[in-house]
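Shown next, in structure tokens, is the structure this report addresses.
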Amino acid sequence: MFFIDPFNKGYLFGYLVLLFFVAQKELLKSLLDQDFVVLFLFSIVYSIFYSLSPIKGTQYILIYLLFPSFFYLFGKYIAKSIVSSEQLFYFILIVGIIFSFIGLISTGYDILSNGFVQTSRDVSKIWGGEKINATGMAAYLFSNMCIPAVLMFGLLNRKWRVQFLLIVVFIVSLFCVLRLGSRTQIGIILVTLIISLVYKMSNLSPVKNIGIIVLLFVGLNIGFGSIVLDKNSDLLASYATRMDNDKYGASTAGGRTERWEKSLINLVDEPLGWSVEDFGFSHNMWLDAARVGSVIAFVLLVLFSTKSMLKVKTLLTKTAVPRALKNLILIMSIAFFLQFFVEPTLDGSFNLFVFFCLFQGIVNMKLIQEKSIRPLTTI
């Protein structure tokens, strides 16, 4: 319900997570760790600096302060409660689809009401009708872009109903992404597919790997030879003016490289943060954290992110964890960081960061369980 955000009141369900831990102090103490401390310190610093100019409202002072770290603990609690790796796999998958609810419903309704081709990429939010920019709306769909990589790994061969449902969700999500003109989400599809393929091949025999490479080569040749992308087609209408644009084309990461350069300079020249009016958002979660919360928040967030990546890397080496679950954790982690690298997450898609904290709590608890050499149910 927090991620569905009914009538823009989802934060109330976020406070329920806090009350859950307040009511169970012993459980809270048992889940505390170094990552929580780093994340909570970041939240303290960021919320203090945000309070000097609470653009999104004073409510967000508490939200920024409490939600990331306590949702991280809630993720640990969930992973501790779910014994089966298969159940944990489906839990992560389902939460990702639930997270996409706003993006799917809002964009889908917009297409049905106003048609696929429109002059503006922005879409009205299903709750209240507030106009959300295409970047922010597309962020809700990031986890659904991982579905091809999940299906390609062969996890659900015997569960055709689940496969069919996931394929439908992905196709609908892809149409929404094309309507929004999000290059980030298309990039997530391609990168996660490649990573998942490489990870799959790492456990196969040389003969099977050669077979996969040959099939892939033939498939790509047939695909590129028979499919012609028309920039003037309705399907690509939202991309038409951006493909070859000198300022917002692919060579400048959609116009982001200049902002990244200015933001890196400001880390030294403006260590206590700078105004968004200077040159807009940095379009990078860590640099935007520095803009609002100073270089201190930047360092703490980089530290938490680095620790998170290392934990994922360590989990991938654990032989007792089913490869299905490891593949899902790997591609979801990559999708999160691809999104973080090019979008102002804390300003425009804060629930995405909260989802990441929940997800990382699950990863860390799973790693703790593996270190205790507890038998696991395989997929």
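Laid out as a table, the results:
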item	result
Residue within segment 273-281 that is assigned to a helix (DSSP H, G or I), in contact (Cβ under 8 Å) with a residue 60 or more places away in the chain and closer than 25 Å to residue 3 by Cα present	no
Every residue from segment 82-97 that is assigned to a helix (DSSP H, G or I) and open to solvent by 70 Å² or more (accessible area, probe 1.4 Å)	87, 94
Flag for residue 67 being modelled with pLDDT of 95 or more and open to solvent by less than 10 Å² (accessible area, probe 1.4 Å)	yes
Flag if residue 153 is at pLDDT below 90 and open to solvent by less than 30 Å² (accessible area, probe 1.4 Å)	yes
Test: residue in segment 265-274 that is charged (D, E, K, R), at pLDDT 60 or above and in contact with a Phe, Trp or Tyr (Cβ under 8 Å, 6 or more places away or on another chain)	no
Complete set of residues in segment 312-325 that are free of Cβ contacts under 8 Å to residues at least 60 places away in the same chain and of a type in the set (D, E, K, R)	313, 318
Helices (runs of 4 or more DSSP H) contained in segment 290-379 and holding at least 3 residues open to solvent by less than 20 Å² (accessible area, probe 1.4 Å) and of a type outside the set (Gly, Ala, Ser)	323-342, 350-371
Residue ID - nearest to residue 100 (Cα to Cα), chosen from residues in segment 1-31 that are aliphatic (A, V, I, L, M) and open to solvent by less than 80 Å² (accessible area, probe 1.4 Å)	4
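The values are calculated or read from the model by the stated rules, or taken from the named source; none is laboratory data. This one's a predicted model, so the numbers in the text were calculated from it and none came from an experiment. No Cβ is skipped: glycine too gets one built from the backbone with ideal geometry, and neighbour counts run over all protein chains shown. Ligands, DNA and RNA are excluded from the accessible area calculation, which covers all protein heavy atoms including side chains. Shrake-Rupley method; radii C 1.70, N 1.55, O 1.52, S 1.80 Å.
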